[in-house]
Amino acid sequence: MATLPSLQLKDVRISEETVHANERMLTGGFYAEVELAYDPTIAQENNGRPFGIDSLREIQLSAETRSKVSYARSIAGALRAELGDTHRAVKIVIAWTGANERTVKNWFAGVSGPSGDHLVAVIRHSDDVLEALMLLAGRKHAATVRKLVGARDTLVAMLEMIVDLTT
């Protein structure tokens, strides 16, 4: 099964032959032109997966475009990791940013990412997005420090709970 985030399709049928023939493209974060098929018979089945991939063709992207794609995918992954991939999660980010629903759905799908004031609003609320940005900027050490501070805070809270239980 495949996922096509730009079309917001999950569980798209794909043959093992297509996967094997395009393994590098499918696992390497490449963009592709996808020919989809729709089977109305399968659509009527319980839990049917009516969409299937008939063929793939790699699309060559410029370095600048690849960078934008990496950014959008990183933000999408961080948002989904922290909030899930539900309509409620989209509504939460709308409340954080004031962005419109279509824009926020594009962020979750990895089509585009927030910029300017929207980005500041998202990182104000989301540690996962902040970490993704630090990693994209090559600041892995800063992301590690953030995790250590979080671990320390958790340990302090646990020690306070132990003291409360024993007194």
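Below, the figures for the structure above:
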| quantity | calculated |
| --- | --- |
| Neighbours by Cβ (under 8 Å, 6+ apart or cross-chain): first from the stretch 33-45, within 17 Å of Leu4 (Cβ to Cβ); second at pLDDT 85 or above and part of a loop (DSSP other than H, G, I, E, B) | Tyr38/Pro50; Asp39/Pro50; Ile42/Pro50; Ala43/Pro50 |
| Conditions (1) assigned to a loop (DSSP other than H, G, I, E, B); (2) modelled with pLDDT of 90 or more: number failed by Ile162 | (1) |
| Residues that are in contact with a Phe, Trp or Tyr (Cβ under 8 Å, 6 or more places away or on another chain) and under 15 Å from Ala132 (Cα atoms), drawn from the stretch 69-119 | Val69, Ala72, Ile75, Ala76, Leu79, Arg80, Gly113, Pro114 |
| Within the stretch 1-33, considering residues that are surrounded by 12 or more Cβ atoms within 10 Å (Cβ to Cβ) and over 20 Å from the mean Cα position of the chain (by Cα), the one modelled with the lowest pLDDT | Asn22 |
| Sole exception among (1) more than 14 Å from the chain's Cα centre (by Cα); (2) not in a helix (DSSP H, G or I) for Thr144, by number | (2) |
| Lone qualifier among Ala109, Ala95 - being closer than 27 Å to Leu7 by Cβ and under 13 Å from the mean Cα position of the chain (by Cα) | Ala109 |
| The stretch 101-141, subset in a helix (DSSP H, G or I) and of a type in the set (Lys, Arg), residue farthest from Ala89 (Cα to Cα) | Lys140 |
| Residue among Ala137, Ala81 that is surrounded by 13 or more Cβ atoms within 10 Å (Cβ to Cβ) and within 18 Å of the chain's Cα centre (by Cα) | Ala81 |
| The one condition in (1) farther than 27 Å from Gly138 by Cβ; (2) of a type in the set (S, T, N, Q); (3) in a helix (DSSP H, G or I); (4) at pLDDT below 80 that Ser67 fails to fulfil | (1) |
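The values are calculated or read from the model by the stated rules, or taken from the named source; none is laboratory data. Predicted, not measured: the structure shown is a model, and the values here were computed from it. Cβ atoms come from the backbone with ideal geometry, glycine included; neighbour counts cover every protein chain shown.
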